[in-house]
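Notes follow the structure.
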Amino acid sequence: MTKTFRKSALTAAVMLSATAVVSTAQAQQALNVVSWGGAYTMSQEEAYSKPWTEQTGQRIVNIDRSATGLAGLRAQVEAGNVTWDLVDMLPADAKIACAEGLIEVLDHDELLSPAPDGTPASEDFIPGALDECFVATIVYSNIVAFNTEMFPADKQPSTIADVFDLENFPGMRSLQRRPINNLEWALIADGVDHDDVYDLLATEEGVERALAKLDTIKDSVIWWSEGAQPPQLLADKEVAFASAYNGRIFDAQVNENQPFEIIWDAQVFELDGWVVPRGKLDVAKDFLRFSTDTERNAAQASYISYGPARMSAAAIVGNHIPTGIDMTPHMPTYEPNFATALPKDDDFWADYQDELNERFDAWLAR
Amino acid sequence: MSVSMPGSHANPSDHSDSGAQAPLVAADGRPLKVSLRRALFKNKLRAVLLVAPLMLFLLVAFIFPIFSMLTRSVESNEVRTILPTTALAIQAWEGEGLPDETVYAALAHDLKEGQRNRNLGRVASRLNYEYSGMRSTITGTARRITNVEAPESWRDTLIDAHRNWADPAVWSVIKRESRGYTLSYYLAALDMRYDADGSIVRQPESRRVYVDLMIKTLWMSILITFLCFLLGYPVAFLLASLPMRSASLLMMLVLLPFWTSLLVRTTTWIAILQSQGVLNNILVALGVIDDQSRLQMIYNETGTIVAMTHILLPFMILPLYSVMKSISPSYMRAARSMGATGFTAFRRVYFPQTVPGIGAGAILVFILAIGYYITPALVGGESGRFITNFIAYHMQVSLNWGLAAAIASLLLGLVIALYLIYNKLVGSDNLKLG
């Protein structure tokens, strides 16, 4: 009883504060932009929001809710009170939101600006970056990183199989508390070919095999759930390896001089980008066009090591603005890094995540 | 209110004649009965108006959410509203083999309609909970048949679009979920499911999550309640028996943490208990443990129990204290003067009088504990998670609100059942907050 009550009281409080935010925002006609927070929102702020506010005077309100963005969108649309104007989302969530009619269908060539040489947007974005309701802005990658000080200099790990090798590379590991990526890595470390990973995971034996491989390191794993945790755990030397978003590790390497190294082998890369909540197209379309043009798209890569989704932008990526180092070798799409990359299969996870989440939870509890 | 003197032979029919013959009348000339009723009504109205904000608040923040939660846990409208003609047509299918052409044609019609209205996502998600792969089956098929008009056989066209349409199990799921209500959320919450021919079976071992977790949550809440009693009873006793000045100082020590933010107290425990934390450092410095074998006291059950016992302790101490405060010391003195030892006097005279306080404190701590989720999420790691963490997960991440509602309803039912049992054993009159 108390729980339900507390939950409702909390909802009421959140709704109250949300209304407060909205009413002040509307007074100044600010744009409510939902994103992931941390170093990522910072890069968006530098590359998109600041120049936008300078040009138009419109204020951008950052809301760090992308981790539960789909839930928030659904609740807002169901309640008939949509307060978000633009949401940063993963393509898998965008597919679901699109099929549920929570977000606007986008006419890419009309809404997005062409490349400087006149190539229309639909041909300038990398394959898969433009979906019915979705515009990708970046390519990011899920990788495993390690703290170089935890291993002797002549024996540093280099492949995903090393993460599962407790004998040669002892120490705690930190992995994200979800089946996505972990099951893929377990199979690849077990010798499965990249092309067969998702076909195998669709079968009972494949899931059993992946979990059996994870069983071999289960006792040495600390599970994380927030993107900020893995760099912290690595810095504290609570773990030797940690899976992470590559931009977070880059941030720690460059801005905090942490002795981290990324294992690019079997990186699982995916896209991330904008969706427009239902009924917000008129409010959001100018900023959407601005933030996805070639110049802005390339500028973001000067603040965080995520590859731009426009080909015309990838060609003009410059140096890291705060430190001046060359961004190229830090990009997931950089040739040597990309050789053994695995694209995350959104269709597979859309179908199997309900079931595999349950199996993963049951496996964790065993 | 002044009243005119009543006449001894009042004649109610005679209104014109005032004085001794008149009915009872108030000072303003109205009949007393009316006046009294009005006064009572005013009082009643005032009382109602005074409690109205509370009632309204309870309705909005308590009764309505619970009602909505109970509805959500059995509601299954997606097939009926988004695939309406299919839901109707499939009723004729007996579950043998594949349904006939009319059902396939109805489905094709509904899918096209849904594609136009952009609402197939809900039914796709709903059916995907029951049968993995339905999400892409529905959205993929809808996309492929948009431009198909009246083919020779819809059955072949749909099966060609996705092989799942040739699986009778898919159709029995659709038929089952077209009733408008469903038990499948409750089944999932109890680690059960429908099998291919519609009978209820247990989940395979690799997918059982919730029942064990429910039992663990229950067991840990009982343990935390017991620890609170063990630690809180002596403190409350001390508070009640110390002289006023030192008692109020001690009271501050109990209340100060109580007023501190929950998150602050929880993260403090992380700083103290983690493997590079204060406690481990002290133990290593004292040479009690080796630097290599630091104790893992957080991100497991121990962390949850320690942090939650600390956070909930005041809820045990305060009711105990106020009950103990009202026990006259003369009872103990009387027992001692009749030859009881200190322990016997405590056990036979003092302790029984504190039972109502224990009851109140225990039920407060237990109910709060079973609903906690922030603390277990932060310090519980994998083994110290509560069932409430899964409710939050299904609310925010997996978006399976029906399942979240079913687990929450079961938890609510469990708490009510335990309260009723408790009531039977201890009696609610034996519950005292002071």
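The values are calculated or read from the model by the stated rules, or taken from the named source; none is laboratory data. All of these numbers come straight from a predicted model, not from anything done at the bench. No Cβ is skipped: glycine too gets one built from the backbone with ideal geometry, and neighbour counts run over all protein chains shown.
Taking residue A:128, is it modelled with pLDDT under 90 and either outside the structural domain of residue A:292 (by TED's automatic domain parsing) or surrounded by fewer than 18 Cβ atoms within 10 Å (Cβ to Cβ) (or both)? Answer is yes for this residue. Scanning segment A:350-362 for residues that are within 7 Å of another protein chain (Cβ to nearest Cβ), in contact (Cβ under 8 Å) with a residue 24 or more places away in the chain and of a type outside the set (Ser, Thr, Tyr) yields A:350, A:357, A:359.
Is it the case that segment B:119-132 has a residue that's among the aromatic types (Phe, Trp, Tyr), in a loop (DSSP other than H, G, I, E, B) and either crowded, with 17+ Cβ neighbours inside 10 Å or within 14 Å of chain A (Cβ to nearest Cβ) (or both)? Among the residues of segment B:119-132, at least one is among the aromatic types (Phe, Trp, Tyr), in a loop (DSSP other than H, G, I, E, B) and either crowded, with 17+ Cβ neighbours inside 10 Å or within 14 Å of chain A (Cβ to nearest Cβ) (or both), which makes the answer yes.
So is residue B:121 in contact with a His (Cβ under 7 Å, 6 or more places away or on another chain) and within 21 Å of residue A:353 (Cα to Cα) or not? No, not satisfied. Each residue in segment A:232-252 was checked for being more than 10 Å from residue A:173 (Cβ to Cβ), more than 14 Å from chain B (Cβ to nearest Cβ) and in contact (Cβ under 8 Å) with a residue 40 or more places away in the chain, and 8 of them qualify. Looking across segment A:57-101 at every residue that is within 18 Å of residue A:36 (Cα to Cα) and of a type in the set (Asp, Glu), the one that is nearest to the other protein chains (Cβ to nearest Cβ) is identified as A:93.
On the stretch given as segment B:395-412, residues that are within 11 Å of chain A (Cβ to nearest Cβ), in a helix (DSSP H, G or I) and surrounded by fewer than 23 Cβ atoms within 10 Å (Cβ to Cβ) total 5. Just so you know, in segment A:325-343 the residues that are buried (at least 20 other Cβ atoms within 10 Å of the Cβ) and under 17 Å from the mean Cα position of the chain (by Cα) include one that is nearest to the other protein chains (Cβ to nearest Cβ), and it is A:342. Note on segment B:76-118: among residues that are under 21 Å from residue B:143 (Cα atoms), of a type outside the set (A, V, I, L, M, F, W, C) and more than 40 Å from the chain's Cα centre (by Cα), the one that is surrounded by the fewest Cβ atoms within 10 Å (Cβ to Cβ) is B:101.
Looking at segment A:252-366, the helices (runs of 4 or more DSSP H) lying wholly inside it that each contain 2 or more residues that are basic (Lys, Arg) sit at A:281-291. Only residues that are loosely packed, with under 15 Cβ neighbours inside 10 Å, β-branched (Val, Ile, Thr) and at pLDDT below 90 were counted across segment B:261-275, and they come to 1. If you filter segment B:170-219 down to residues that are over 18 Å from residue B:76 (Cα atoms) and small (Gly, Ala, Ser), you find that the one that is surrounded by the most Cβ atoms within 10 Å (Cβ to Cβ) is B:206. You will find that of B:368, B:313, the residue that is within 30 Å of residue B:409 (Cα to Cα) and within 14 Å of another protein chain (Cβ to nearest Cβ) is B:368 and no other. Looking only at residues in segment B:194-212 that are within 18 Å of residue B:402 (Cβ to Cβ) and touching a residue at least 60 places away in the same chain (Cβ under 8 Å), the one that is farthest from the chain's Cα centre (by Cα) is B:194. In segment B:354-374, the residues that are part of a helix (DSSP H, G or I) reach residues that are of a type in the set (Asp, Glu) with C-beta atoms within less than 9 angstrom, at least six apart or across chains, in these pairs: B:356/B:429.
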